[in-house]
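Participant: Here it is, the structure in full.
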Amino acid sequence: MELYDLTIHELKDKLASREISVNELLDSFYKRIGGVEEKVKAYVTLTEKEARESAKELKAEFKGKLAGIPLAIKDNLSTEGIKTTCSSRILENYVPPYDATVVSRLKEAGAITLGKTNMDEFAMGSSTENSGFFPTRNPWDLERAPGGSSGGSAAAVAAGEAAGALGSDTGGSIRQPAAFCGVVGLKPTYGLVSRYGLVAFASSLDQIGPITKDVEDAAILLNVIAGHDPMDSTSVKMEIPDYTRFLKEDVQGMKIGLPREYFSMDFAAEVKESVLAGVQRLEEAGAKVEEVNLPSADYALAAYYIIAPAEASSNLARYDGVRYGYRSKKAHDVKEMFTNTRNEGFGDEVKRRIMLGTYALSSGYYDAFYLKAQKVRTMIKEDFDRLFYEYDLLISPTTPTTAFKIGEMTDPLEMYQADIFTVPVNIAGIPAISIPCGFDSNNLPIGLQIMGPHFGEGKIIQAAYTLEQILEIKDRRPELEVSV
Amino acid sequence: MTTEYEVIIGLEVHVQLATESKIFCDCSTEFGAEPNTHTCPVCLGLPGTLPVLNKKVVDYAIMAGLALNCEISEYSKFDRKNYFYPDLPKAYQISQYDLPLCQNGYIEIETGNGSKKIGITRIHMEEDAGKLVHEGSIDRSTGSLVDYNRTGVPLIEIVSEPDMRSPAEAREYLTQLKKILEYLGVSDCNMEEGSLRCDANVSIRPVGQEEFGTKTELKNMNSFKAVEKALEYEVERQKQVLARGEEVIQETRTWDDSLNKTISMRGKEEAHDYRYFPEPDLVPLEIDAEWVNEIRENLPELPLERKERFISDYGLPAYDAGVLTDSRDLADLFEECVQAYDDPKTVSNWIMGEFLRLVKEAGIEVAESKITGKLLAKMLRLMDDGTISSKIAKTVFEEMFKTGKDPETIVEEKGLKQISDEGKLEEIVDQIILANPNVVEDIKNGKDKAIGFLVGQVMKETRGKANPQLVNKLLREKIK
């Protein structure tokens, strides 16, 4: 195995024992990027110059939890002095003057940023095809989409273009691409990780989380990014456990629920089989598995497509061409400048959601849409609360299908269905992980989702780690032809 | 026969709170700094930034709420008010919509028919916007610049009930409101610097009719006087519209101070849909009784209480107490002086008379004058011990007002000490008697009043420094 194929914990050991140097590691990653990036197109911006400088500044002791570890950062996380575009034309040349809290925490821990990754514009989408620049390709099959919106981050990790990455998840944007790309993606509890510096899509749903090669790496990254931040009023003040303590093969007596509503949906048979096979392995390992009811799940997607666009319509209103980013030159007055800037700067999906959200919040429609959606939200929360009173965890597929082909999904509503299993988790604010549980007949990875109660990341990690050890598929990597 | 109309007025007042930092970030709120120097990623609304509520803003807003007799909500929240404008960096203003911090209060005002309560519907917190600066004159400007220093300065909006029945009542409401807020120290209420802004809703209805007429909203009034004038104009305009058999249109009108009239700005159909919804970046505000009680206990004395105390403690007439407590600074000046000089009525006379005259002439605020209570007390004692006459005292006071110098120093430097030396005065009195034989004759013939003329002559000769009682006595002795 090459260095770029290794996990964060493996690289940490090699760096700590001086077996390799940070520069050798960077050499390995940038060489790999040079070889495959032309095909995968995971990055919007590469920051090799800054990465080499960070390497120089690193103290030799490697005391930081991530000292010398090369990571990829989704391009909706604010990075001081480095372009942060959200894969949108409207922010194409925007260079922020400040670091997101998670970015500063990674820096303090000694991590090195390799570059900023591609995404669906403003995180709106499930395929990374909505990027304002170019689509990213799935390393398992370059004809296929890597999922989204954190498609660049997931593809980079799967292709060995980064040891790990940060993504953001509003309705499945970490877990769905992780499933499509055969990597691990964790969406933490809303409020566990500071959102300060995450360019907002839907503020009440957005969460930052790790995308990694295995569960242990996810725990290591979560340890660094979790915790209260005075700059984010919605981040919780609580004692953060050491998540690596939960890396043990033990599900003895754990009560796991399988939501009937999920499994009775019409979705890919291979996905269903693979997930149920994974569940069975956990049962064999001592977990108690039962079918459960999650009646409100049917309404989750509808509520999501009111709440998220409503918040987005407000969050994205600031891109008006006045202060930063793109400004239309075809304008005679301020109003025209606003209109043309936004018309020329935003892509179709973003415009669609801004219009949806604006409509949902308009006077006369607010009660019927936004308020109703908030009531559904409460119902969904209560449903999950009720289940977690009795069960430790819930398991479902992460996605109804494996990776689809680029250009295949033309109907936006069909695309929205890709998030059917992931969205309820964001609505309820609970944590969930996606781990690979198998491959379909096209050799495409299948993701299994484990959901837990608020701040139940520890239990989720424990179950995910156990299954990962049993399945023994975590070292499988996509075969990518390297261009010279 | 012409219809008699009743005027209905409600006011919306925006007040900048005098906190040191902005409502959602640490930037300074100082007025008049270089453009865009008091900004940061948060108040500029850069992508990814989040607001964090300044607790001091809530404290100040609760103080205002308590002083205006409001209920303080145990649970309130912030909402986003969405609209596009270059001075609004997030394209939404964080405000409070359906759950404001304070509700159901009132202010007591004095009217021609005694005192009256004007209801306060609500007080809510919000952030201020920036300021547009046009290059050159506004009609020929080729570009606009934006100064974001004011962005995020905390505001409270105080909304009254439609309880005012005349423009004069509206002005009195504003006067009382300003006085209370100044007493609290939560705002400097400077209308010129924009720290107090007022919009008015006005309608008329035939006397006896219960339902309200169609209202218009008035904006852009930059002084209390302008509010009163704009309302007077608008009431008259509405009356004329109805007299012509037309209907008043619901619209927003702007007051033009130079033309002395209101001009239509936008109609009802052009009104914004602000698409309010709960601000997801802030957690709801829960205020327990302990928090409110602590603020209540530390509330400073309010104008009405202080007026009552001035009447009872100092034995002042109600009129004096009213004038003196009109501003916190004036009342402070009075009390500082009374502590050093125990004759409240004399102190009151000087402050209400000479002091306020000079303040008005100089066109300054009470706080800007150089007179302190201690200086005034010292001057009054110089009068009592005969060092200066009451006439000279006015000269000394004017000098103190200008320079802030100690009265003793002024008397010394200007040689204003009263002449009470009998020998010295006798000489001058003799001279005056000699020089005015006709007047002396008149006095001897019983025209007693004429003696005043001679006193005046002596005062003139001594440039006011002669002790008038002594001069009077000497003249009478000599002319007898």
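The values are calculated or read from the model by the stated rules, or taken from the named source; none is laboratory data. Being a predicted model, the structure only gives us computed values, none of them experimental. Backbone-built Cβ (ideal geometry, glycine too); neighbour counts: all protein chains shown. Surface areas here come from the heavy atoms of the whole protein model, side chains and all, with no ligands, DNA or RNA. Shrake-Rupley method; radii C 1.70, N 1.55, O 1.52, S 1.80 Å.
Participant: Treat the range A:73-230 as a sphere of radius equal to its Kirkwood radius over Cα pairs and apply Stokes-Einstein at 10 °C in a medium of 1.306 mPa s; give the translational diffusion coefficient in µm²/s, rounded to a whole number.
Facilitator: It comes out at roughly 107 µm²/s.
Participant: Could you tell me the convex hull volume per residue, in Å³, taken over the Cα atoms of the range B:290-345?
Facilitator: Each residue corresponds to 85 Å³ of Cα convex hull volume.
Participant: Using the reciprocal of the averaged 1/r over all distinct C-alpha pairs, how large is the Kirkwood radius of the range B:1-93 in Å?
Facilitator: Its Kirkwood hydrodynamic radius stands at 16.5 Å.
Participant: Based only on Cα atoms, what Rg/Rh ratio does the range B:260-366 have, Rh being taken as Kirkwood's radius?
Facilitator: Here Rg/Rh amounts to 1.25.
Participant: Leaving ligands and nucleic acids out of the surface, order A:His454, A:His332, B:His124 by accessible area at 1.4 Å, largest first.
Facilitator: A:His332, A:His454, B:His124
Participant: Can you put A:Asp229, B:Asp257 in order of accessible area, largest first, using a 1.4 Å probe?
Facilitator: Final ranking, largest accessible area leading: B:Asp257, A:Asp229.
Participant: In square nanometres, what is one fourth of the surface area of the convex hull spanned by the alpha carbons of the range B:5-292?
Facilitator: That works out to 16.7 nm².
Participant: So how exposed is A:Ile450, as accessible area in Å² (1.4 Å probe, rounded to 10)?
Facilitator: 0
Participant: Run a plain Debye calculation on chain A (Cα atoms as equal point scatterers, no solvent) and give log10 I(q)/I(0) at q = 0.14 Å⁻¹, rounded to two decimals, same order as the q list.
Facilitator: Each listed q corresponds, in turn, to -1.39.
Participant: Please report how far the C-alpha centroid of the range A:240-309 lies from that of the range B:92-111, rounded to the nearest whole angstrom.
Facilitator: 49
Participant: Which whole number of Å³ per residue matches the convex hull of the alpha-carbon atoms in the range B:252-311?
Facilitator: Taking the convex hull of the Cα positions in the range B:252-311, it is 245 Å³ per residue.
Participant: Just to confirm my numbers, what's the Cα centroid distance between the range A:1-61 and the range B:251-295 in Å?
Facilitator: Taking the Cα centre of the range B:251-295 as reference, the centre of the range A:1-61 is 53 Å away.
Participant: Also, I was wondering about something else. Modelled label-to-label distance, A:Glu472 and B:Asp313, 7 Å Cα→beta-carbon offset: nm?
Facilitator: Result: 8.9 nm between the two label points.
Participant: When the scattering of the range B:301-414 is computed by the Debye formula from its Cα atoms alone, each counted once and equally, what is log10 I(q)/I(0) at q = 0.12, 0.15, 0.16 Å⁻¹?
Facilitator: Taking Cα atoms of the range B:301-414 as identical point scatterers yields -0.39, -0.61, -0.69.
Participant: Based on the Cα coordinates of the range A:393-484, what is the per residue volume of their convex hull in Å³?
Facilitator: 142
Participant: Using 5 Å bins from zero, what percent of all Cα-Cα pairs in the range B:25-184 falls into each bin?
Facilitator: Histogramming the range B:25-184 at 5 Å steps yields 2, 8, 15, 17, 15, 14, 13, 9, 5, 2, 0, 0 percent.
Participant: Is it possible to state the helix-based mean residue ellipticity at 222 nm for chain A, with each DSSP H run of 4+ residues giving -39500 (n - 2.57), the sum divided by total residues, to the nearest 500 deg cm²/dmol? What is it? Show your work: numbers first, answer last.
Facilitator: Details: 16 runs with 182 residues, N = 484.
It comes out at -11500 deg cm²/dmol, rounded to the nearest 500.
Participant: What shape does the range B:385-446 have by the C-alpha gyration tensor, where a ≥ b ≥ c are the square roots of the eigenvalues, rounded means a/c under 1.5, and otherwise prolate means a/b greater than b/c and oblate the rest? Write out the running numbers ahead of the final one.
Facilitator: Numbers: a/c = 3.61, a/b = 2.53, b/c = 1.43.
Here the range B:385-446 falls in the prolate category.
Participant: To one decimal place, what Kirkwood hydrodynamic radius in Å is obtained for the range B:422-479 from all pairs of distinct Cα atoms?
Facilitator: Computed over Cα pairs of the range B:422-479, the Kirkwood hydrodynamic radius comes out at 11.1 Å.
Participant: Right, another one. Jot down the radius of gyration and Dmax of the range A:299-358, Cα atoms only, both in angstrom.
Facilitator: Every Cα atom of the range A:299-358 included, Rg and Dmax give 13.1, 45 Å.
Participant: Give me the Kirkwood hydrodynamic radius of the range B:360-480 in Å, from all C-alpha pairs, to one decimal place?
Facilitator: 15.9
Participant: Turning to a different aspect of this structure: Just need the relative contact order of the range B:5-292 here, percent rounded to a whole number, with Cα pairs under 8 Å and 6+ apart.
Facilitator: Normalised by residue count, the contact order of the range B:5-292 is 25 percent.
Participant: I would also like to ask the following. If you take all C-alpha pairs in the protein assembly as shown, what percent of them are over 42 Å apart?
Facilitator: 51
Participant: Oh, and also: Heavy atoms only, probe 1.4 angstrom, no DNA, RNA or ligands counted: give me B:Thr254, A:Thr79 ranked by accessible area, highest first.
Facilitator: These residues rank, largest area first, as B:Thr254, A:Thr79.
Participant: Which value results for Rg/Rh of the range A:180-303 when Rg is the Cα radius of gyration and Rh the Kirkwood radius based on the inverse mean 1/r?
Facilitator: Value, to two decimals: 1.00.
Participant: Here's a follow-up. When the distances between all Cα atoms of the range B:155-225 are binned every 10 Å from zero, what whole-number percent does each bin get?
Facilitator: All Cα pairs, binned at 10 Å, distribute as 16, 49, 25, 9, 0 percent.
Participant: Quick one: give the max-minus-min coordinate of the C-alpha atoms of chain B along each principal axis, largest first, in Å.
Facilitator: Principal-axis extents of chain B (Cα, largest first): 92, 62, 52 Å.
Participant: I would also like to ask the following. Just flag the trypsin sites (Lys or Arg not before Pro) in the range A:1-48 sitting in loop per DSSP whose Cβ has no more than 11 other Cβ atoms within 10 Å.
Facilitator: Values: sites: A:Lys12, A:Lys14, A:Arg18, A:Lys31, A:Arg32, A:Lys39, A:Lys41; in loops: A:Arg18, A:Lys41.
Here the trypsin sites (Lys or Arg not before Pro) that fit, given the DSSP loop and packing criteria, are A:Arg18.
Participant: Let me ask another. So which GluC sites (Glu not before Pro) in the range B:151-250 pass both tests, a DSSP loop state and at most 12 other Cβ atoms within 10 Å of the Cβ?
Facilitator: B:Glu192, B:Glu193, B:Glu210, B:Glu211, B:Glu246, B:Glu247
Participant: Solvent-accessible area of A:Thr101, probe 1.4 Å, all protein chains present, reported in Å² to the nearest ten, please.
Facilitator: 20
Participant: Here's a follow-up. 222 nm [θ] for chain B, helices only, -39500 (n - 2.57) per DSSP H run of 4+, per residue, to 500? Please report the intermediate quantities before stating the final value.
Facilitator: On the way: 16 runs with 185 residues, N = 480.
The per-residue figure over chain B is -12000 deg cm²/dmol.
Participant: Pairs of Cα atoms under 8 Å, at least six residues apart: use those to get the relative contact order of the range B:301-414, whole percent.
Facilitator: Here the relative contact order equals 21 percent.
Participant: Follow-up. What residues of the range B:155-173 lie in the reach of a label at B:Leu304, counting those whose backbone N is under 15 Å from a point 7 Å from the Cα along Cα→Cβ?
Facilitator: Once the point is set 7 Å along Cα→Cβ of B:Leu304, B:173 turn out to lie under 15 Å by backbone N, inside the range B:155-173.
Participant: For the range B:396-419 and the range A:113-136, compute the distance between their C-alpha centroids and round to whole Å.
Facilitator: If you average the Cα positions of each part, the centres end up 79 Å apart.
Participant: Tell me, what is the FRET efficiency for B:Asn36 and B:Thr254 to the nearest 0.05, using R0 = 35 angstrom and their Cβ-Cβ distance as r?
Facilitator: Step by step, r from the Cβ atoms, then E = 0.80.
Participant: When all protein chains stay in place, what accessible area (Å², nearest 10, 1.4 Å probe) is found for B:Arg244?
Facilitator: 140
Participant: Search the structure for amide H atoms under 5 Å from the amide H of A:Asp99, placed 1.01 Å from N in the peptide plane, and list their residues when 5 or more places away or on another chain.
Facilitator: Here the answer is A:Glu80, since their amide H atoms fall under 5 Å of that of A:Asp99.
Participant: Using a basic spin-label model with each label point 7 Å from the Cα along Cα→Cβ, how many nm lie between A:Lys49 and A:Asn443?
Facilitator: 4.0
Participant: If you don't mind, another one. So what is the relative contact order of the range A:166-254, in percent, for Cα pairs below 8 Å that sit 6 or more residues apart? Numbers along the way, then the final one.
Facilitator: Working: 142 pairs, mean separation 25.2, N = 89.
So the answer I get is 28 percent.
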